[in-house]
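Values quoted throughout were computed directly from the atomic coordinates according to the rules given, and no laboratory measurement underlies them. The model shown is predicted, which means the values in this text are computed figures rather than measured ones. Positions of Cβ are backbone-derived with ideal geometry, glycine not excepted, and every protein chain shown enters the neighbour counts.
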Amino acid sequence: MRNFLLINASPRKKGTSAVLLSMCKESLDSAGQRTEVIHLYPAMKSPEELRIAVDRADTLVISGPCYVNTYPAETTAFLDELSAHPEVLHGQSLYGMIQGGMPYYHTHEAGLLQLEIFFTHIDKDEVSEPDVYRKAQWKIPGILAGTMAVVMSRRINKDLRNHGIDPKQKSPYLIEDGI
Amino acid sequence: MITIIADESTGHVGQELFRALSEKGGRADYVSLEGVNVKPCMNCAGCTYTTFGKCVVRDDADWILPKIIRSDAFVFVTPITYGGYSFSSKQVLDKLALIADRNYHAHERELVKGGFPGRSFVFYAIGVSDNCPPEEADVFKRLHRETVWITHGRGKAFVIASDPDSTELTNIANEVTGK
């Protein structure tokens, strides 16, 4: 039986990252493994407790959203924290999950590559096959991209107008006296 | 106008680039991330439904985002951190989505987003690292390339030492100013 530390690297406690993590937890629990779930954002406020949780674990699972093609800044802060305290790293396995709205894995993949780089800074032993997620990508025919873009943009703009927002309005940051 | 956003833990690279750009007669603005506090994006959708195009949280993004949105190009100077941006750099990048185009477009048969409403993202990333392993340099460039792709923008990533010679900086200045 291994100790799994499941880390929600999203600011949302009940978003998609957390859902993926709870699916993981269900699977691990029914296999008789020990699991602990933490939410990274509040956990980073007590870094010592967080480090103790990492130390206790045999396996770390990070599940996070994709912001600007990789994990959000707080995940980097977490990796920085671990790098500054390498005594809590003793050969744990590390799994990463990253999810985002764009239907192409290449958009989000750099997040996983970054975790691999973190790994190599610590110790690199064995790396899983990326084909697991690459083959799972549901292929949207390229010829539909144009139509999808138009339809989705129309929906976005209609939703904004329904909320009384003019989608074409100038950015508040361009208005000198706005702030 | 070219805005440089520099994590000064890289040393003087940001300031030297600013000097190189100014010497070429370009209009450049320099933002140091020293002491800057940009809070995490909490995915609250406040920048859509509460104050459209503007974050509901008050922090240093209030004066940084107006600079970025007025720039013809922006340059992030960051220590290469697990093949990506430093924590302080990524905190700013994580908030760029709120000033970006919310609509979808089609580009080479893929769904992409846009840059700024009405014009492109022109985004350069300068990764500072001494003796950067090639795999890590590749991740940094890949990460940047993915952002340029999804914003349907342009730009380039560079990997340089913390003490670059003047020809390297001149080359970068030339690229950034489009000469």
>> Give me the tail of P(r) for segment B:1-160 as a percent: Cα-Cα pairs with distance above 27 Å.
In response: 22 percent
>> For the pairs A:Lys25/B:Lys39; A:Lys14/B:Lys54; B:Lys54/B:Lys141, flag any whose C-alpha to C-alpha distance is greater than 27 Å.
In response: A:Lys25/B:Lys39; B:Lys54/B:Lys141
> Just from its helices, what would the mean residue ellipticity at 222 nm be for chain B, if runs of 4 or more DSSP H residues each count -39500 (n - 2.57) and the sum is divided by every residue, rounded to the nearest 500 deg cm²/dmol?
Replying inline: -10000 deg cm²/dmol
> In nm, to one decimal, how far is the modelled label at A:Arg155 from the one at A:His90, with both set 7 Å along Cα→Cβ?
Replying inline: 5.0 nm
> Ordered by packing density, taken as the mean number of other Cβ atoms within 10 Å over each peptide's residues, highest first, how do B:94-105, A:96-107 rank?
Replying inline: B:94-105, A:96-107
> By DSSP, what percent of the beta bridges with both residues in segment B:52-179 are antiparallel, rounded to the nearest 5?
Replying inline: 30 percent
> Per-residue mean of other chain beta-carbon atoms within 10 angstrom of the beta-carbon, peptide B:78-86?
Replying inline: 6
> Roughly speaking, what is the stretch gain from A:Thr16 to A:Met148, that is 0.36 nm per residue apart minus the C-alpha to C-alpha distance, in nm to one decimal?
Replying inline: 45.3 nm
> Rounded to two decimals, what is Rg over Rh for the protein assembly as shown when you use alpha-carbon atoms and the Kirkwood radius?
Replying inline: 0.96
> Antiparallel as a % of all DSSP beta bridges within the protein assembly as shown, to the nearest 5?
Replying inline: 15 percent
> Percent relative contact order of segment B:109-159, based on C-alpha pairs within less than 8 angstrom and at least six residues apart?
Replying inline: 55 percent
> Using r as the Cβ-Cβ distance of A:Asp55 and B:Asp138, and R0 as 35 Å, what FRET efficiency do you calculate, to the nearest 0.05?
Replying inline: 0.65
> Under a no-solvent Debye model with one identical scatterer per Cα of segment A:1-43, what's log10 I(q)/I(0) at q = 0.33 Å⁻¹?
Replying inline: -1.12
> In Å, what Rg and Dmax follow from the Cα atoms of chain A?
Replying inline: 19.7, 61
> Expressed as a rounded percentage, what relative contact order does chain A have, with Cα pairs under 8 Å and six or more residues apart?
Replying inline: 19 percent
> When the chain is fully extended, how far beyond the present Cα-Cα distance does B:Asp62 get from B:Tyr49, taking 0.36 nm per residue of separation?
Replying inline: 2.9 nm
